[in-house]
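**Student:** Before anything else, here's the structure in question.
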Amino acid sequence: MEIVTRLLILDSLTAAAFLAIWYFCFFRINRRKGRAALHWVEAACSGKGSIIASQWLSASRLRAQVSFTSHWFEHAQVTVRLRPRPLPFHWLASLWRKQKETLTFEADLDFVPAFNLEVWRHRWITHPRSSERTRNWMVTRPGPVVLTTRTHWSQELTPVVNALMTSRGHNLVSVRFRPNSPHLAATVPLDALTDRGAASDFLGMLLELAAGAAHRQ
């Protein structure tokens, strides 16, 4: 009985040590990924704004306040959501649900939107197999298709939708406009911000959306 008890204690200590090492290693990985994301954001804002404060809300969520010199964005902040790697079961659950690591930009606009708009960008891509049956297929590339739940299309929405369809922000997960603060919220996959150029494209797309929302004001 004493041997069994010692073995149970040893197994418990081994499991606890393994979980502690796991947490420490993946905690550092998340910290490094979060700092890298903010680095690219700040590099893209060079000359236009800067990060004035940042705070880890959890082991997988980082929030930073951004100050812009232009009048387009006020009370701006970015939130980086990473996989909960330090917690093994939560991490496996996020993998099972295919949750993406994202960066969300939120800000108030100089021109308050007079409408509510939430856009989710989805794509379905298929690649026909190379076979005798598919060699005669004719593949065409249609223009953007918009599926909307609105029964009436307001004219003030047109500049915003046009900016979404023509901008370089093809990796956007979602965009939201509303009269209440924050007026603009845009989410992009974190793996789309791998360098300064990609981050600059994201910031440029945000400016285009802000200009589109102010077009009818």
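The values are calculated or read from the model by the stated rules, or taken from the named source; none is laboratory data. Since the model is a prediction, treat every value here as computed from it, not as a measurement. When we count neighbours, we look across all protein chains shown, and the Cβ atoms used for this are built from the backbone with ideal geometry, even at glycine.
**Student:** Please determine, by comparing only the residues of the stretch 93-119 that are of a type in the set (Val, Ile, Thr) and at pLDDT below 90, which one is surrounded by the most Cβ atoms within 10 Å (Cβ to Cβ). Steps first, please.
**Tutor:** Taking the stretch 93-119 as the starting set, the residues that turn out to be of a type in the set (Val, Ile, Thr) are 102, 104, 112, 119.
Those still in the list that are at pLDDT below 90 too: 112, 119.
Values: 112: 15, 119: 17.
Across the stretch 93-119, the extreme among qualifying residues is 119.
**Student:** Inspect all residues belonging to the stretch 85-106 and state whether any of them is part of a strand (DSSP E or B) and among the aromatic types (Phe, Trp, Tyr).
**Tutor:** Here is the first cut: in the stretch 85-106, the residues part of a strand (DSSP E or B) are 102-106.
Still in the list and also among the aromatic types (Phe, Trp, Tyr): 105.
So far as the stretch 85-106 goes, yes, one or more of its residues are part of a strand (DSSP E or B) and among the aromatic types (Phe, Trp, Tyr).
**Student:** Let me ask something else about it. Tally time: how many residues in the stretch 196-217 are of a type outside the set (A, V, I, L, M) and at pLDDT below 80?
**Tutor:** Step one: of the stretch 196-217, the residues of a type outside the set (A, V, I, L, M) are 196-197, 200-202, 204, 208, 212, 215-217.
Applying the additional criterion that residues be at pLDDT below 80 yields 196, 212, 215-217.
Qualifying residue count for the region: 5.
**Student:** Oh, and also: Would you point out which residue out of 80, 41, 112 is in contact (Cβ under 8 Å) with a residue 12 or more places away in the chain and part of a strand (DSSP E or B)? So that I can check it myself, show each step before the final result.
**Tutor:** On the way: 41 fails: part of a strand (DSSP E or B); 112 fails: part of a strand (DSSP E or B).
Testing whether each residue is in contact (Cβ under 8 Å) with a residue 12 or more places away in the chain and part of a strand (DSSP E or B) leaves just 80.
**Student:** Just checking, does the stretch 128-139 include any residue being at pLDDT 75 or above and of a type in the set (Gly, Ala, Ser)?
**Tutor:** As a first pass, look at the stretch 128-139 and keep what is at pLDDT 75 or above: none.
No: zero hits.
**Student:** Yes or no: the stretch 157-176 includes at least one residue that is more than 18 Å from residue 210 (Cβ to Cβ) and modelled with pLDDT of 80 or more.
**Tutor:** So far as the stretch 157-176 goes, yes, one or more of its residues are more than 18 Å from residue 210 (Cβ to Cβ) and modelled with pLDDT of 80 or more.
**Student:** Consider residue 64 carefully, then state whether it is over 18 Å from residue 191 (Cα atoms) and surrounded by fewer than 19 Cβ atoms within 10 Å (Cβ to Cβ). Please lay out each step first, then the result.
**Tutor:** Details: over 18 Å from residue 191 (Cα atoms): yes; surrounded by fewer than 19 Cβ atoms within 10 Å (Cβ to Cβ): no.
Criteria not met by residue 64.
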